[in-house]
Every structure is written in C-alpha cells, then in structure tokens.
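Quick note: the coordinates plus some simple rules give every number you see, no bench work behind them. Since this is a predicted model, take the numbers as computed values, not measurements. Heads up, the Cβs are rebuilt from the backbone with ideal geometry, glycines too, and the neighbour counts pull from every protein chain shown.
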Amino acid sequence: MNAIVTLERVTKRYGRLTALEDASLALEAGEVVALVGHNGAGKTTLMKLILGVIRPSAGRLRIFGEDPAGRHGARVRRRLGFLPESVAFNGAMTGAELLDFYARLKRAPLDANPELLRRVGIAEAAHRRVGTYSKGMRQRLALAQALIGSPGLLLLDEPTSGLDPDSRREVFETIDRLRGQGVTILISTHALTEVEPHADRIALVDRGRLLAVGDMASLRRKVPLPLTVRLRVRSCTTGQVMTKLSAYAEVLARTEDRLELAVEPDDRAALIHDLDRLRDLVEEVEIENPGLDALYRRLTAAEAR
C-alpha cells in the first residue's frame with residue numbers, strides 16, 4: 001500500500017504552548033482513520049498541518065510525497081477535500097452558485113456539481129439561497145464542496161454535526177463508498193460509537209500526543225478492559241449461576257432473572273465453557289466488547305496519572 005499522508009515525529013509549538021508533540025502517523029490509500037480526542041487535544045492542529053495552513057516546528061510531513069506548506073502546496077491542496085467543523089457560506093448565493101465558485105478555485109469541471117448535490121441529498125435546493133438552508137442542509141453543502149474534484153484525500157472535521165439520524169447514516173454510507181473507491185479519509189470526531197464501525201484504524205489524541213493508533217482489536221489488546229456480559233436466566237436462579245461464575249466474574253447488576261457481569265478478556269473461554277454447562281438455567285446471553293469511548297477514557301486516565 002502507498003502512504004498518502006506521512007507524519008514523522010511532528011511537533012507544533014505556539015510559543016510555550018505545544019499543540020502537537022512528536023506525532024508519527026501514516027495514512028494509506030483507501031483507508032479511513034478516525035482522529036479521536038477532546039476539544040484542545042490537537043486534532044485541529046494536525047489537520048491544519050496536513051492542509052499546509054501551518055508548518056511543523058519539528059519533524060517531517062509529506063502529503064502525496066510533497067510538503068503541503070512548500071512550493072508545490074497549491075498543487076497538493078487541489079488533491080484534497082476539506083470539510084471544516086464550522087461552515088460559513090455566503091447566504092446570498094445559491095447552493096449551485098457556491099459549488100461552481102469552489103470548483104473554479106480547484107480548477108475542477110463544473111458539470112460534476114449537480115451530481116454532488118444529488119449525492120448529499122440537496123439537489124432540490126440547488127437554486128435556493130443558502131441563507132434559507134437549515135444547519136443540516138449547510139452541512140450537506142459543505143460535504144459536497146469537500147468532494148469537488150474527486151479528491152484522493154478527504155479531511156472531515158465533525159462531518160455529522162447538525163444532522164438528523166438519517167442524514168448521519170447517509171454521510172457514513174458516502175464515506176464507506178469513497179473508501180471503496182480508494183479515497184483516503186481522515187475523520188475528526190467526538191461521535192465515538194458512531195464512527196467505530198466505519199474506521200479501519202483509530203488515532204487517539206490527548207493533550208497534543210498520539211496515545212495509540214490501531215484497529216479496534218489491537219487497541220483492545222493494548223488497553224485490556226473487561227467484557228460486559230448480560231444474562232437472562234430462569235427466575236430466582238441468579239445465585240446458582242453466580243456460584244459457577246464467581247471465580248472470574250464481577251457482578252455489576254442483578255435482579256431475580258437478570259445478571260450483568262464484568263469478565264476479563266482472558267476469561268472469555270472459561271465463561272463460554274461454563275455457560276454451556278449452565279444452559280438449563282441461562283436463557284439468553286449477550287457479550288459486549290469494550291467500545292471506543294471506554295478505551296479512550298482508560299487511556300486518557302492512565303496518561304493523566
């Protein structure tokens with residue numbers, strides 16, 4: 001695979017403030033990477049560096065093999081698409097006029113714009129003034145703007161901000177489709193549960209440092225957290241069930257016919273074996289792996305200590 005984005009020990013300082021420290025990251029062709037962190041964690045700084053808006057204080061950065069802030073930066077940026085978190089458009093222009101304006105800036109053909117508006121679901125509003133658009137419609141227009149020129153690298157900063165559930169789903173369907181076409185996508189987001197199924201890898205950022213980068217399986221190995229196990233059992237048999245599981249299971253919640261347990265990943269095989277032996281008592285089993293939000297909380301807590 002070819003690296004589209006390469007950061008090698010990149011640091012960005014503003015006087016005494018270090019916004020990003022010693023960050024190394026590579027994004028491959030056709031890969032979706034979610035950049036996850038609290039406000040002020042360094043996500044926006046990293047995106048600005050990739051866009052060539054700012055230069056690193058130390059380290060090496062290359063986009064499509066070029067320095068995005070160097071002499072060929074304009075050429076590099078024409079191959080990028082960017083959706084900012086805060087969208088500000090001229091409300092007096094129509095959606096179609098705005099897309100034409102941005103297409104001219106990128107030297108992209110105008111005849112592709114109607115299809116972009118259709119893809120993001122606002123084709124029927126193409127000739128309405130943007131000042132009449134809802135927040136969600138402006139967000140869709142911003143996504144269409146980011147897709148002008150069929151970019152090889154797409155930077156999305158909170159792409160589902162202000163969208164209703166159906167629109168959010170459509171955004172991620174677009175992301176999945178673009179990945180299938182070989183587009184590299186970096187998503188900065190707070191919507192951890194939402195982005196998890198659509199990202200090949202997760203980059204966890206806190207206070208300017210990349211804490212961990214990997215797919216969910218590798219992150220779970222790096223940050224071992226207990227499984228959550230939910231059982232529905234025959235009424236008044238929770239005590240019998242716990243007698244068999246108490247060596248490794250911690251009770252989180254209990255009623256006369258339900259148990260919620262915490263079980264370490266290394267005890268998964270023992271759990272499955274024991275549940276099979278308890279099948280006359282256990283009527284329903286749900287095993288939930290720790291999600292991205294739990295992993296992030298554990299990592300940032302460890303970093304704080």
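Out of 250, 256, which single residue is of a type in the set (Asp, Glu) and touching a helix residue (DSSP H, G or I) at 6+ places or on another chain (Cβ under 7 Å)?
The conditions single out 256.
If I filter the range 113-134 down to residues being under 29 Å from the mean Cα position of the chain (by Cα) and among the β-branched types (Val, Ile, Thr), which single residue comes out as surrounded by the fewest Cβ atoms within 10 Å (Cβ to Cβ)?
Checked the range 113-134; the qualifying residue surrounded by the fewest Cβ atoms within 10 Å (Cβ to Cβ) is 130.
Might you let me know whether the range 204-223 holds any residue that is free of Cβ contacts under 8 Å to residues at least 24 places away in the same chain, over 29 Å from residue 38 (Cα atoms) and surrounded by fewer than 13 Cβ atoms within 10 Å (Cβ to Cβ)?
no
Can you tell which of 159, 165 is farther than 30 Å from residue 17 by Cβ and not hydrophobic (A, V, I, L, M, F, W, C)?
Working: 159 fails: farther than 30 Å from residue 17 by Cβ.
The unique qualifying residue is 165.
Going residue by residue through the range 155-162, is there one that turns out to be acidic (Asp, Glu), closer than 24 Å to residue 35 by Cβ, surrounded by 13 or more Cβ atoms within 10 Å (Cβ to Cβ) and touching a helix residue (DSSP H, G or I) at 6+ places or on another chain (Cβ under 7 Å)?
Yes: the range 155-162 contains one or more residues that are acidic (Asp, Glu), closer than 24 Å to residue 35 by Cβ, surrounded by 13 or more Cβ atoms within 10 Å (Cβ to Cβ) and touching a helix residue (DSSP H, G or I) at 6+ places or on another chain (Cβ under 7 Å).
Given the conditions (1) buried (at least 18 other Cβ atoms within 10 Å of the Cβ); (2) part of a helix (DSSP H, G or I); (3) touching a helix residue (DSSP H, G or I) at 6+ places or on another chain (Cβ under 6 Å), and given that residue 179 satisfies all but one, which numbered condition is not satisfied?
Of (1) buried (at least 18 other Cβ atoms within 10 Å of the Cβ); (2) part of a helix (DSSP H, G or I); (3) touching a helix residue (DSSP H, G or I) at 6+ places or on another chain (Cβ under 6 Å), only one is false for residue 179: (3).
Would you be able to tell me the number of residues in the range 225-283 that are closer than 18 Å to residue 294 by Cβ and exposed (fewer than 12 other Cβ atoms within 10 Å of the Cβ)?
Looking only at that region, the number is 2.
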